[in-house]
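For reference, the structure discussed in these notes is given below.
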Amino acid sequence: MSRSARPLTSSRSSPWPNLGNSLFRADATFCPENTADGFRLRSINLPDGYLRHYQAAGYVAAPGGARASDAQNSFDADVTLRAGPPLGI
């Protein structure tokens, strides 16, 4: 499985240790992009990559790519986030 196809994990159990170098910082950086329905997060290091919730896991995925997490089916809905009020406790 390629690095970008691995499910995202918490920083405490990350398969990629923080080496503090420019590659790590680029891999960990996402920029928001406005969409008609909200916003999505694009990877700095993988220009076609977006943070995607797919089959109960998080991925950096590219629309129409070769991996299962790149599937076109529901891609836009899976990468689109919507801001809203916080949940009440």
Simple spin-label estimate for Ala56/Ser74, 7 Å along Cα→Cβ, in nm, reads 1.3
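Pull out the extension gain between Leu81 and Ala66, defined as 0.36 nm times the separation in residues minus the alpha carbon to alpha carbon distance; nm, one decimal. Provide the component values of the computation, followed by the final result.
On the way: separation 15, 0.36 × 15 = 5.40 nm, distance 2.36 nm.
Between Leu81 and Ala66, full extension yields an extra 3.0 nm.
A short reminder: the numbers here are calculations on the coordinates, not readings from a lab. It should be emphasised that the depicted structure is a prediction, and the values quoted were computed from it without experimental measurement. We place every Cβ from the backbone using ideal geometry, glycine too, and count neighbours over all the protein chains shown.
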